[in-house]
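The values are calculated or read from the model by the stated rules, or taken from the named source; none is laboratory data. Small disclaimer: the values here were computed from a predicted structure and weren't measured. Backbone-built Cβ (ideal geometry, glycine too); neighbour counts: all protein chains shown. Please note that ligands, DNA and RNA were not included when accessible areas were found on the heavy atoms of the full protein model with its side chains. Shrake-Rupley method; radii C 1.70, N 1.55, O 1.52, S 1.80 Å.
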Amino acid sequence: MLGAIALSLGTIACNRPAQPVEEALVANPDEWPSWGRTGSEAHYSPLDEIDTGNVANLKLAWHFDLDPGYSASTPLMAEGKVFLTSGHSHIRALDAQSGKLLWEYDGGTRERATSALHLTWGNKGIAYDGGHVFLVTTDGWVVSLDAKTGEEAWKTYDFPDNSPRNANGAPRVFGGKVITGFGGADISPARGFVSAYDAKTGKLAWRFYTTPGDPVTEANEKAEAVMRRTWPSGWTNPDGSRRGGGATAWNAFSYDPELRMVYLGLGNGFPYNQHKRSPGGGDNLFIASIVALDVDSGEYKWHYQVCPGEQWDCTATTDMTLATLEIGGKERRVLMQAPKNGFFYVLDRQTGRFISAEKIAKVTWADHIDRKTGRPVENPGVRYNGKPGLFELWPGPSGAHSWMPQAYSPLTGLVYIPVLENGALIGDGQKGGGEIMAGMGVTLLPEVELPGSHRSYLKAWNPVTQTEAWRADLPGNWPGGVMASAGGLVFQGQIDGRFVARDAKSGKELWSFKTESPIVGAPITYRFRGRQYVTVITGNGGNGAGINSPGLAAFRTDYRLPRRVLTFALGGKDVIPAYDMPTLAPPADPDFTPDLARAQAGAVLFGTRSCLVCHGWNAVGGGAAPDLRYSPTITDAATFRAIVKEGGLKMNGMPPFPALTDQELETMRFYLRARAKAAPAEQQALLERAKAAKASNAKPRDFAGRWNITIQSPVGPQKAVMDLRVAGNIVTGKVVAEQGSVNVAGAVKDGRARFQGKASMPMPITVSYDVTVRDGRLTGENANGPFGTFPVTGER
């Protein structure tokens, strides 16, 4: 029986673990063969050679250079090899002691890809079991490779129809089955499903559908009865086509080997707007749910839904950690998850019964989770259907916790969560557009400047008391995945290019290593020939939909920064070569003449034709793909056309977009040239912002007068006149620009003037300013409602 046992690990010989230690959690301690190391998905290792007392002596043991491309992934270690994936389904095996390349395998995605979705991002991970490495290519092939040679053992295709899909999550091997899902519910009502293949033969063992429809498989008979009654108006249009779907399983799976249960973490619905997806309402199961299945048959056991009737891009696709906790004097075998919706949940993993949930971040869509029913108590206005205006949504669509792994240590009893604080605006689909993707049925502005937004933390959370134990502020707003060890340590990479180890009890930073590049993927640790190693892969990525890139603008996240496999050990002797960070400079473009209307039209195309998905919000690159503001291709029409429309860089991962007209191409290129012109001023504004954070000695009278100001907007510099009056410390006045005028009011405090006013563009927005005066020159920021915060300068 795999019950909870107390282990006598080195670091806990004198200190009893805070919570019981399950056998399944600490099995096979020397290796890391799966995404979360074991089916418990705890990202925890029982190794303790590297601990709080000696981690300061951790040095680089070996490194391996990777090509440019997606590398926000978690490696594996088994049979003396480190296995990893990068780019699009490119697999490598390295010697675990030296880092020497043993074999590599190209999944062939870039040659086969028939849609842009097949080339978005890349694989987050792979799996190992029984002498084989398993991957799912982004275009849907499930492959088994001989771990010794890299040769194919079997290969099968997972996608049953032509609905837009991609697979970039790590497969798992649980109970002799290769478990895999897919993504794509942001762009179509495709019916979600999870497939299980026999690990030895590749034969389909079962397929479980996560929204109702036909066919009804044997595994789905019980589930269909549960799902169908929660879609009271059905899920199809009069012509038989699907109106609503989703609940894709693109990331999270867990496994209890004693219960023989596999747990699915399921995603959002499409369309986002529930009134369009399911006019009759209903919970719309199994959208935004955790579902437990029998691993042998795929038969439904239980479910828990985190967002009934989901319509906010709420997903339950984050890691589900299995553990035993002592709650109320009794040991409970639980499942723990921090989904995107901002709550941390503890469920009984045998029955699915709700135990507790509390907020880990700012939440505006719900007040709390009812302890009796386990259902959220929603806040007024969150159901935006038919209502004017936009609802301030916290967390936004990137979630309070995204796919980056959390970790759990039974020694401390704490869960370590990479937490995001990002708000958004969402509302009913408005006349004239506003949708990032066609058919969503909502106006969604995922990148807005709201107080407290664009922040991230590593939070240590006590799941029994549902309270924060400690937090560490992190740079930027896209935190890396986490790993915990029995050495009393928590390891995490950061967007500023530092790999950090903290004390798991206090959060105190004990060690760091400068990597030159951001880190998003989670680290692992393993033991080989009696020595413990820690491995991490550098490189940014995985921040889809262009969200988060403005919050990363202050950090170098360049697509072509060195991407490496870094492996550390006590007394390591390796060094990485010095890297000369190139200066960012937009391409020379002397013939460019600004045109606001044309640049704005290009911005709309860039935002609605999927360009921002990889190249960033407002074309501010976040590191998932090149920052086009600094690309020479935007100054030459023929080159731009050859790449964007004709697929000239498909083998580099850039899909072709043949449906774009030549006029649309040129309008989009014009927008990018405008963004390139604005880039130097925006970079300077980041420096000014750092200076502005320091105390200012400006007096209220210094702000009075008529100012000619320039706002560096995403479509180029915008001129305006600011006329301010000051009485005491109260500021009033008017700002007049070509687009209209805004009456403003505010105050001066600590040498800074902060004032705001209301405008309509065409929706009601707040336009605010935060400025100071130095040497007679006005500098600061203009927050233009939901459209962003931009540098502003002025002369009296």
Margin query: Restricting to Cα pairs below 8 Å that are 6+ residues apart, what does the relative contact order work out to for the chain? Please round to a whole percent.
Written below: 11
Notebook entry, point to check: Given a Förster radius of 41 Å and the C-beta distance between residue 67 and residue 462 as r, what FRET efficiency does 1/(1 + (r/R0)^6) yield to the nearest 0.05?
Noted result: 0.45
Margin query: Please report the accessible area of residue 303 (heavy atoms, 1.4 Å probe, ligands and nucleic acids excluded) in Å², nearest 10.
Written below: 60
Check: Over 26 Å between Cα atoms, which of 359/505; 124/645; 276/387; 177/372; 372/505 qualify?
Finding: 124/645; 177/372; 372/505
Next item on the list: Amide H neighbours of residue 107 under 5 Å, at least 5 residues apart or on other chains, H built in the peptide plane: list them.
Entry: 90, 91
Note to self: Leaving out ligands, DNA and RNA, and with a 1.4 Å probe, what % of the accessible surface on segment 44-570 is carbon or sulfur?
What the structure shows: 48
Check: In Å, what Rg and Dmax follow from the Cα atoms of segment 44-148?
Finding: 15.6, 53
Notebook entry, point to check: Modelled label-to-label distance, residue 584 and residue 775, 7 Å Cα→beta-carbon offset: nm?
Noted result: 2.4
Check: When ligands, DNA and RNA are left out and all protein chains stay put, how many square angstrom of accessible area per residue does segment 44-570 have with a 1.4 Å probe?
Finding: 30
Next item on the list: Measure off 7 Å from each Cα along the Cα-to-Cβ vector at residue 106 and residue 60, then give the distance between these two points in nanometres to one decimal.
Entry: 2.8
Notebook entry, point to check: So for the chain, taking the charge dipole from beta-carbon charges (+1 Lys/Arg, -1 Asp/Glu), which of 756, 607, 328 sits furthest toward the positive end?
Noted result: 756
Next item on the list: For segment 39-111 and segment 273-322, write down the distance between their C-alpha centroids in whole Å.
Entry: 33
Notebook entry, point to check: In Å, what Rg and Dmax follow from the Cα atoms of segment 446-541?
Noted result: 14.6, 52
Check: Do any trypsin sites (Lys or Arg not before Pro) in segment 195-252 lie in a loop, going by DSSP, with at most 16 other beta-carbon atoms within 10 Å of their beta carbon, and if so which?
Finding: 200, 203, 229
Note to self: Please list 3J(HN,Hα) in residue order for segment 492-498, calculated via the Karplus relation 6.51 cos²θ - 1.76 cosθ + 1.60 where θ = phi - 60°; whole Hz, with x for glycine and proline.
What the structure shows: 7, x, 10, 6, 8, x, 10
Check: When DSSP assigns beta bridges and you keep just the ones with both residues in segment 130-264, what percent turn out antiparallel, to the nearest 5?
Finding: 95
Notebook entry, point to check: Calculated from DSSP H runs of 4 or more alone, at -39500 (n - 2.57) each and per residue, what is the 222 nm mean residue ellipticity of the chain, nearest 500?
Noted result: -3000 deg cm²/dmol
Next item on the list: Filter the trypsin sites (Lys or Arg not before Pro) in segment 451-509 to those in DSSP coil with at most 14 other Cβ atoms within 10 Å of their Cβ, and list the result.
Entry: 508
Item checked: Where segment 613-662 is the region considered: accessible area per residue in Å², 1.4 Å probe -> 41
Notebook entry, point to check: What does the charge dipole of segment 636-748 about its Cα centre add up to, to the nearest 20 debye, if the Cβ of each Lys and Arg holds +1 and the Cβ of each Asp and Glu holds -1?
Noted result: 500
Checklist line | Proximal charge balance of residue 350 [Cβ under 14 Å; K/R count +1, D/E count -1] | finding: +1
Note to self: Can you compute 3J(HN,Hα) from phi for each residue in segment 54-60, using the Karplus curve 6.51 cos²θ - 1.76 cosθ + 1.60 with θ = phi - 60°, rounded to whole Hz and x for Gly and Pro?
What the structure shows: 10, 4, 4, 8, 5, 10, 5
Check: What dipole magnitude, in Debye to the nearest 20, does the chain give about its Cα centre under +1 on Lys/Arg Cβ and -1 on Asp/Glu Cβ?
Finding: 1680
Notebook entry, point to check: Which residues' amide hydrogens lie under 5 Å from the amide hydrogen of residue 45, considering only partners 5 or more residues apart or on another chain, with H built in the peptide plane?
Noted result: 484, 485, 486
Note to self: How large a share of the accessible area of segment 596-683, in percent, is made up of carbon and sulfur atoms when the probe is 1.4 Å and the other protein chains stay in place?
What the structure shows: 59
Note to self: Cross-link candidates for residue 758: which aspartates and glutamates have Cα within less than 19 Å, leaving aside residues fewer than 8 places away along the same chain?
What the structure shows: 392, 449, 723, 738, 770, 781
Item checked: Charge dipole of the chain about the Cα centre (unit charges at C-beta), most positive-ward option of 382, 295, 58 -> 382
Next item on the list: Could you pull out the GluC sites (Glu not before Pro) across segment 131-238 that fall in loop regions by DSSP (anything but H, G, I, E, B) with no more than 11 other Cβ atoms inside 10 Å?
Entry: 151
Next item on the list: Give the long-range amide H neighbours of residue 366: residues separated by 5 or more places, or on another chain, with amide H under 5 Å away, using H modelled in the peptide plane at 1.01 Å from N.
Entry: 379
Next item on the list: Have a look at 403, 364, 169 and report the one farthest towards the positive end of the charge dipole of the chain, computed about the Cα centre with Cβ charges (Lys/Arg +1, Asp/Glu -1).
Entry: 364
Check: Among the listed pairs 514/573; 699/749; 719/749; 222/301; 100/155; 148/200, which are separated by more than 18 Å between their Cα atoms?
Finding: 719/749; 100/155
Check: Residue by residue through segment 591-602, which ³J(HN,Hα) values in whole Hz follow from phi under the Karplus form 6.51 cos²θ - 1.76 cosθ + 1.60 (θ = phi - 60°), with glycine and proline marked x?
Finding: 8, 6, 10, x, 8, 4, 5, 5, 5, 5, 4, x
